[in-house]
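Below is one structure. I have some questions about it.
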Amino acid sequence: DAMHPCDPTCCYRAELKADKNMARLLLVGGVIAAVAAIILATSGPPSEQELLRDWSAVLPPWPAYYAVMGMAGALDWLRNMLVPPPLRMIEHSFVFSRSQMTHVLAAFDIPDQLVKGPQTAAELATAVGVRSEAALWRVLRLAVKQGLLAGATDSAGVTRFRNNRLSATLRRDHPNSVRDFILIQGQEIQPAWGGLVAALRSGRVPFQEVHPEQQGDFWDYLQAKPEVEKLFSQSMASMDALGLHSMLADFTWGRFSRFIDVGGAHGSLLAALMRAHPSAAGVLFDLPQVVNEAKSVWQRRHQALLPRTEFAGGSFFDPETVPEALGRGDVFILRTILHDWSNEKATEILHSVRKAMGSSNATLAVMEVVPQEDLKESYEGRLYMDVQMLVVCNGRERTQREWDTLFAATGFKRVGLHPTRGTLVVVEAVPI
């Protein structure tokens, strides 16, 4: 006979089955942790070549990419199951310390200083201008525990710190350096999160809550502070570089003869596209002061591409300044641009691009984070980016359905949604 759901024997069997599943998960997690510990214990400090490895250069096959993402999610879920809820909640409240630790390492250029070799807290304090050796030692001890730095204490009790694979990405000479991104996060973005509670009550943008003296939005703030705007552009360039290989490989750029990079900052994506496609021309479009900075960057780094490149200063809110399409082979690229803006402002931008296309049948390639509908998103990072856009500039990450609505209101039709082996998706649209 079938057992009644309230039968205690039935409940016992269900609990036993759940316990067995948990035991299997614990076994798998334990094996993975043990293997990782053995590898780390026997591998020794990484070489200089390993520290400066280009992590974005080698793309895993799609099955491996999905497998790794799934395993990471499963391990995170397992850890959440093992830690009691009150302790998990307290841990969440301390997450800010990790971002502050990365900011300290970048702000004092500690990873660059450690290129000279392992150093004590006293040596580092003298070199980077920290007054209290004892305070720096305590900070660096936490950084080591968090995996942000490496260190070892010798038989005489002297602790020396050195770079590991993580801290090396804060070096200026790292091919995937995220130093500028960490600096702009620590100096300008993270403080804005402190205004989230007040903003939810007031209806204002959190960034404006912590900058009540500022007239206008985040972009007006950048224009008023050229040094911050320069750092922001550099940070966006570093993010471009980090995902370049996946962006180049996972979308068919070869069918285009002219790339128009709208809001392209210093043009790192455009330069990579033009190198990969030697017969294509390029247009870098951004605010006039940003384009002037970009020209000097290209003179230093991309001089061979200059004969094929046009620089245009203007605003994507002013359709008269957006470079016009020349033909069907043109593609207008908006990489992480529209998520900076509300639907109203994003509509204005798309209207400007649509007008620039005219009757050319050019293509629109929007490169953004595209979360799943409702509560189906499995990757926390996409949702974090969505709220970060809310915090900084009242922007948003959009789902497929939201993109379709936005395109329909601005004279476009979505014809493709192309995932990359990174965080971004290429949303392809054509004029109608």
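The values are calculated or read from the model by the stated rules, or taken from the named source; none is laboratory data. A quick note: this is a predicted structure, and the numbers were derived from the prediction, not measured. Cβ placement follows ideal geometry from the backbone for every residue including glycine, while neighbour counts extend to all protein chains displayed. Just so you know, the surface numbers come from the protein's heavy atoms only, side chains and all, with ligands and any DNA or RNA stripped out. Shrake-Rupley method; radii C 1.70, N 1.55, O 1.52, S 1.80 Å.
Quick one: how many lysine pairs does the chain have with C-alpha atoms less than 25 Å apart and a gap of 8 or more or different chains? Give me the count, please.
Lysine pairs, 8 or more places apart or on different chains, close enough: 9.
Which residue, Arg354, Arg179, Arg88, has the most motion in a Gaussian network model of the chain that connects Cα atoms within less than 10 Å?
Highest fluctuation among the options: Arg88.
In nm, what is the difference between 0.36 nm times the number of residues separating Val415 and Ala198 and their Cα-Cα distance?
Details: separation 217, 0.36 × 217 = 78.12 nm, distance 4.07 nm.
Extra length available between Val415 and Ala198 comes to 74.1 nm.
So how far apart, in nm, are the two label points at Trp62 and Ser296 if each is 7 Å from Cα heading toward Cβ?
4.4
Okay, moving on. Classify segment 332-432 from the C-alpha gyration tensor, please: rounded if a/c falls under 1.5, else prolate or oblate depending on whether a/b exceeds b/c.
prolate
Further question: Per residue, what accessible area does the chain have, given a 1.4 Å probe and all protein chains present, in Å²? The partial results should precede the final answer.
Values: 22970 Å² over 432 residues.
Solvent-accessible surface per residue comes out at 53 Å².
If you don't mind, there's one more thing I want to ask. Using only the Cα atoms of segment 258-299, build the gyration tensor, take square roots of its eigenvalues as a ≥ b ≥ c, and label the shape rounded, prolate or oblate: rounded if a/c is under 1.5, else prolate if a/b is larger than b/c, else oblate.
Numbers: a/c = 2.50, a/b = 1.70, b/c = 1.47.
Verdict is prolate for segment 258-299.
Quick check: with the 1.4 Å probe, what order do Phe311, Phe108, Phe94 take by accessible area, largest first?
Details: Phe311 50, Phe108 80, Phe94 120 Å².
Correct descending sequence by accessible area is Phe94, Phe108, Phe311.
Right, here's the next one. Please give, to one decimal in nm, the separation of the simple spin-label points placed at Gln146 and Ala224, each 7 Å out from Cα toward the Cβ.
3.0
Moving on. Shape call for segment 167-250 from the C-alpha gyration tensor, a ≥ b ≥ c root eigenvalues: rounded (a/c under 1.5), prolate (a/b greater than b/c) or oblate?
Since a/c reaches 1.5 and a/b is larger than b/c, the shape of segment 167-250 is classed as prolate.
Taking all protein chains in place and a 1.4 Å probe, what share, in percent, of the accessible surface of the chain do carbon and sulfur account for? All intermediate terms of the calculation are to be shown ahead of the outcome.
Working: 13530 of 22970 Å².
Within the chain, the accessible surface is 59 percent carbon and sulfur.
Now for a different question. Where does each of 345-353, 249-257, 157-165, 47-55 land if you order them by average Cβ count within 10 Å, highest first? Don't jump to the answer; show the numbers that get you there.
Working: 345-353: 20.0, 249-257: 15.1, 157-165: 17.3, 47-55: 13.0.
So the peptides 345-353, 249-257, 157-165, 47-55, ranked by packing, come out 345-353, 157-165, 249-257, 47-55.
Taking a spot 7 Å from the Cα of Glu324 along the direction of its beta carbon, which residues of segment 343-365 have an amide N less than 16 Å from it?
Answer for segment 343-365: 352-362.
Return the long-range amide H neighbours of Arg335 (sequence gap of 5 or more, or a different chain), with a cut-off of under 5 Å between placed amide H atoms.
Distant-sequence amide H within range of Arg335: Val262, Met367.
Hey, another quick one. So how much slack lies between Ala134 and Phe94, counting 0.36 nm per residue of separation and subtracting their Cα-Cα distance, in nm?
Here the segment from Ala134 to Phe94 would lengthen by 12.2 nm.
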